[in-house]
Amino acid sequence: MIHGTHNADADTRNENVWISINGEFFQRNEAKISVFDSGYLVGDGVWEGIRLHHGKLVFIEDHLKRLWTAAKATGIKLPFTKEELILSIKSTLSKNEMYDGVHVRIMVTRGIKKTPSQDPRLTISGPNVVIIAEYKKASEETKIKGITLFTSSFRRGRPDYLDPKLNCHSKLHEVQALIQAIEAGADEALMLDVNGFVSTCNATNFFIIKDGEVWTSTGTHCMNGITRQKVIEICAKNNIPCHQKNFSLYDTYSADEAFVTGTFGGLTPVTSIDGKIIENQNNKSLRENLNRLYEELIANESKF
């Protein structure tokens, strides 16, 4: 069995979920899209992943803001409002009779191409919108056991050629980093920026804790993570020192604790990096406190 931050408890209900494609519902095994779709041809699309917790789409405003920003940055004109997309998501959830423990994936591509090509002028349809809702709860085993990381030789790039903050379909770079980490015997990849500083992981954001302080990257070369931002805000609200700064593998190897963040897995502990054990000598876990505060934030978000 694979081990990583996207491990989910098995749920047979997912075998028969309804998937929305441009507002029309299809059973899982019948959900298909054209081979001329821009996302399939050249990875031309943007996406979001959102949790459904006790009937509430958690941090939905943040997710939609990121989606609209990404679409605008890539020149994808969305022919619907945020309110209309929310209705489409809720319609999908209603169709599947879903209320809790659900992960929703929204994928928007530029549309159907006249012929295989990068050229957006050859797009002959409006954007394709796919909404996949699945019963997915992060594995408790992973949360307890933690994950191991390997520092990949694939770097997070500069913002001037493919901004890492862009939540786009073009993920081959990250896949290559992950493959390298798996082949090295780790669960996931840690990625440096173009200057050699610690940036992020292949699919999650990265934090360390040193002497009671929380460190994460500057944000210049990392994913625009919503969970990352919530952790930073939690630190500010609770007077926990948190620094967005450049730091090296030297700092990382000597950390008291390390963890990664993501919408699906929340906060997941990191137990070793490049074979070096992350040892907490203080017998206190600031990460556990942050995880508790984050779960409280989710619970409070779901009350309204």
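The values are calculated or read from the model by the stated rules, or taken from the named source; none is laboratory data. Here the structure is a predicted model, which is why all the values come from computation and not from measurement. Counting neighbours? That spans all protein chains shown, and the Cβs are built from the backbone with ideal geometry, glycine included.
Just a yes or no: is a residue in the range 229-242 surrounded by fewer than 16 Cβ atoms within 10 Å (Cβ to Cβ), over 23 Å from the mean Cα position of the chain (by Cα) and touching a residue at least 24 places away in the same chain (Cβ under 8 Å)?
The answer is yes, given that some residue of the range 229-242 is surrounded by fewer than 16 Cβ atoms within 10 Å (Cβ to Cβ), over 23 Å from the mean Cα position of the chain (by Cα) and touching a residue at least 24 places away in the same chain (Cβ under 8 Å).
Residues checked against (1) touching a Ser or Thr at 6+ places or on another chain (Cβ under 6 Å); (2) surrounded by 15 or more Cβ atoms within 10 Å (Cβ to Cβ):
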| residue | (1), (2) |
| --- | --- |
| Met223 | yes, yes |
| Ile226 | no, yes |
| Ala258 | no, yes |
| Pro269 | no, yes |
| Ile277 | no, no |
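Which ones in the range 186-217 are of a type outside the set (A, V, I, L, M, F, W, C) and either touching a Pro at 6+ places or on another chain (Cβ under 8 Å) or farther than 24 Å from Asn280 by Cα (or both)? Break it down into steps so the answer makes sense when it comes.
Restricting attention to the range 186-217, the residues satisfying the condition of being of a type outside the set (A, V, I, L, M, F, W, C) are 187-188, 193, 195-196, 199-200, 202, 204-205, 210-213, 216-217.
Asp193, Asn195, Gly196, Ser199, Thr200, Asn202, Gly212, Glu213, listed by residue number.
Could you please give the count of residues in the range 82-117 that are farther than 15 Å from Trp18 by Cα and among the polar types (S, T, N, Q)?
3
Let's see how each residue does on (1) at pLDDT below 95; (2) of a type in the set (Ser, Thr, Tyr); (3) assigned to a strand (DSSP E or B); (4) in contact with a Lys or Arg (Cβ under 8 Å, 6 or more places away or on another chain):
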| residue | (1), (2), (3), (4) |
| --- | --- |
| Phe154 | no, no, no, no |
| Gly185 | no, no, no, no |
| Met191 | no, no, yes, yes |
| Thr200 | no, yes, yes, yes |
| Thr218 | no, yes, no, yes |
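Determine the pairs where a residue that is touching a residue at least 40 places away in the same chain (Cβ under 8 Å), located within the range 251-264, has a partner that is part of a helix (DSSP H, G or I) with Cβ atoms under 6 Å apart, the partner being 6 or more residues away or on another chain.
Partner pairs satisfying both residue conditions: Glu257/Arg287; Phe259/Arg287; Thr261/Thr227; Thr261/Arg228; Thr261/Val231; Gly262/Thr227; Thr263/Thr227.
Step by step: first the residues of the range 42-70, then only those that are β-branched (Val, Ile, Thr) and touching a residue at least 40 places away in the same chain (Cβ under 8 Å), then the one that is surrounded by the fewest Cβ atoms within 10 Å (Cβ to Cβ). Which residue is that?
Among residues in the range 42-70 that are β-branched (Val, Ile, Thr) and touching a residue at least 40 places away in the same chain (Cβ under 8 Å), the one surrounded by the fewest Cβ atoms within 10 Å (Cβ to Cβ) is Val42.
Identify, please: which residue in the range 96-121 is among the basic types (Lys, Arg) and under 26 Å from the mean Cα position of the chain (by Cα) and is, among those, surrounded by the most Cβ atoms within 10 Å (Cβ to Cβ)?
Arg110
Restricting the first residue to the range 94-118 and requiring it to be on the phi > 0 side of the Ramachandran plot, which pairs with a second residue that is part of a strand (DSSP E or B) meet a Cβ separation below 7 Å and a spacing of at least six or different chains?
Gly101/Tyr135; Gly111/Thr123; Gly111/Asn128
Output the residues belonging to the range 220-229 that are in a loop (DSSP other than H, G, I, E, B) and at pLDDT 95 or above.
The answer is Gly225, and nothing else.
Can you say whether Ile33 is out of contact with any Lys or Arg (no Cβ under 8 Å at 6 or more places or on another chain), surrounded by 13 or more Cβ atoms within 10 Å (Cβ to Cβ) and modelled with pLDDT of 95 or more, as far as the supplied structure shows?
Considered against the rule, which asks whether it is out of contact with any Lys or Arg (no Cβ under 8 Å at 6 or more places or on another chain), surrounded by 13 or more Cβ atoms within 10 Å (Cβ to Cβ) and modelled with pLDDT of 95 or more, Ile33 comes out as yes.
Can you run down the residue pairs with Cβ atoms below 6 Å, 6 or more apart or on separate chains, where the first is in the range 71-84 and surrounded by 11 or more Cβ atoms within 10 Å (Cβ to Cβ) and small (Gly, Ala, Ser) and the partner is assigned to a loop (DSSP other than H, G, I, E, B) and modelled with pLDDT of 95 or more?
These pairs meet every condition: Ala71/Leu78.
Residues in the range 3-26: is at least one at pLDDT 95 or above, under 22 Å from Arg110 (Cβ atoms), surrounded by fewer than 16 Cβ atoms within 10 Å (Cβ to Cβ) and in contact with a Ser or Thr (Cβ under 6 Å, 6 or more places away or on another chain)?
No, because not a single residue in the range 3-26 is at pLDDT 95 or above, under 22 Å from Arg110 (Cβ atoms), surrounded by fewer than 16 Cβ atoms within 10 Å (Cβ to Cβ) and in contact with a Ser or Thr (Cβ under 6 Å, 6 or more places away or on another chain).
Mind listing whichever residues of the range 160-182 are surrounded by 17 or more Cβ atoms within 10 Å (Cβ to Cβ), within 20 Å of Ile2 (Cα to Cα) and within 14 Å of the chain's Cα centre (by Cα)?
Within the range 160-182, Glu174 is the sole residue that qualifies.
Any residue at all in the range 205-216 that's free of Cβ contacts under 8 Å to residues at least 40 places away in the same chain and closer than 17 Å to Arg155 by Cα?
Yes, the conditions are met somewhere in the range 205-216.
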